[in-house]
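Structure, as structure tokens:
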Amino acid sequence: MEMGKFRLDRLDTLLLIIDLQDKLLKAMKYRDAVVKNTNLLLKLASETGLPVLVTEQNPQGLGKTVPELVENFPEGTAVIEKMSFTACTQDTKKALFGFDRPKIIVTGCETHVCVYQTVRDLLDDGYTVHVVEDAVCSRFKQNYRSGLELMKQMGAVLTNTESIFFDILKVAGTPEFKALSPLLK
């Protein structure tokens, strides 16, 4: 087994946040955990220079990205509106190409619809995709589980917020580690 796909580095990785919007999140049982963990990843991105790309599904109907995430967007965060369920629109593909990052960390909702279709398309385009299990959600547990299982079968890496934190940071004792580690308590 090739281990490279399981390693994350700040120089080759991007954070993609899919459709964490007002009206969608109101229907999610695990909304608070997903927002909290996505915010942790946004703070990691800000501290380590990871680019951030955000999509919004039909924002006129479903609202914008929730404010508690927007307030933590690092400078340069790109927000792309879409109508398709997959986030792999022409605009998104253009932005991804411009960032030139072969590994993508994915958070968002719903796990079995927009996240699943996006991950499928990213994998098909040759990206290595890390799906953050504690930062994606669906309205129903079975849909969440089947979405994760499908993505795993396709070759996505299923992971969690803390694993990503420590993989990107690499070592303790750095100024970044000291700034970020208290957030995990």
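Are there GluC sites (Glu not before Pro) in segment 2-111 that DSSP marks as loop and that have at most 12 other Cβ atoms within 10 Å, and which are they? Display every interim value, and only then the final one.
Details: sites: Glu2, Glu47, Glu56, Glu68, Glu71, Glu75, Glu81, Glu110; in loops: Glu2, Glu71, Glu75, Glu110.
Counting only loop positions with at most 12 other Cβ atoms within 10 Å, the GluC sites (Glu not before Pro) in segment 2-111 are Glu2, Glu71, Glu75.
Over the chain, give the accessible area per residue in Å² for a 1.4 Å probe, as an integer.
Working: 8990 Å² over 185 residues.
It amounts to 49 Å² per residue over the chain.
In angstroms, what radius of gyration and Dmax does segment 10-55 have, counting Cα atoms only?
Over segment 10-55's Cα set, Rg and Dmax evaluate to 11.7, 36 Å.
Heavy-atom accessible area of Cys137 with all protein chains present, probe 1.4 Å, nearest 10 Å²?
About 0 Å², ignoring ligands and nucleic acids.
Give me the extension gain from Asp100 to Met83: residue separation times 0.36 nm, minus the current Cα-Cα distance, reported in nm with one decimal. Walk me through the numbers before you get to the answer.
On the way: separation 17, 0.36 × 17 = 6.12 nm, distance 2.44 nm.
Here the segment from Asp100 to Met83 would lengthen by 3.7 nm.
At most 14 other Cβ atoms within 10 Å and a DSSP loop assignment: could you name the trypsin sites (Lys or Arg not before Pro) in segment 28-108 that fit?
Lys29
Report, in debye and to the nearest 20, how large the dipole of segment 1-79 comes out about its Cα centre when Lys and Arg carry +1 and Asp and Glu carry -1 on their Cβ.
Details: 10 positive and 11 negative charges, 62 e Å.
Approximately 300 debye in magnitude.
Which value, in Å³ per residue, describes the convex hull spanned by the Cα atoms of segment 1-79? Don't skip to the answer; put the middle values down first.
Values: hull volume 8.9 nm³, N = 79.
It comes to 113 Å³ per residue, whole-number rounded.
Projected area of the chain, taken from the Cα convex hull and averaged over every viewing direction, in nm²? Let's see the in-between values first.
Details: hull surface 40.0 nm².
Here the figure is 10.0 nm², rounded to one decimal.
Using a 1.4 Å probe over the heavy atoms of the protein chains, calculate the carbon and sulfur portion of the accessible area of the chain as a whole percent.
Working: 4790 of 8990 Å².
Using a 1.4 Å probe with all protein chains present, the chain comes out at 53 percent carbon and sulfur.
Given the -39500 (n - 2.57) contribution per DSSP H run of 4+ residues, what per-residue ellipticity at 222 nm results for the chain, rounded to the nearest 500 deg cm²/dmol?
Values: 9 runs with 79 residues, N = 185.
Mean residue ellipticity at 222 nm (helix-derived): -12000 deg cm²/dmol.
Per residue, how big is the convex hull of segment 32-142 when only Cα atoms are used? Give it in Å³. Could the numbers behind the result be given before it?
Working: hull volume 11.7 nm³, N = 111.
Value for segment 32-142: 106 Å³ per residue.
For segment 109-155, what relative contact order do you get, as a whole percent, if you take Cα pairs closer than 8 Å and at least 6 residues apart? Could the numbers behind the result be given before it?
Numbers: 41 pairs, mean separation 25.7, N = 47.
It comes to 55 percent, rounded to a whole number.
Treating only the Cα positions of segment 87-145 as identical point scatterers, give the base-10 log of I(q)/I(0) from the Debye formula at each q in 0.18 Å⁻¹.
Here log10 of I(q) over I(0) equals -0.60.
The values are calculated or read from the model by the stated rules, or taken from the named source; none is laboratory data. It should be emphasised that the depicted structure is a prediction, and the values quoted were computed from it without experimental measurement. Here Cβ is always computed from backbone atoms with ideal geometry, including for glycine, and neighbour counts include all displayed protein chains. The protein model used for the area step is the full one, side chains on, heavy atoms only, and it has no ligands, DNA or RNA in it. Shrake-Rupley method; radii C 1.70, N 1.55, O 1.52, S 1.80 Å.
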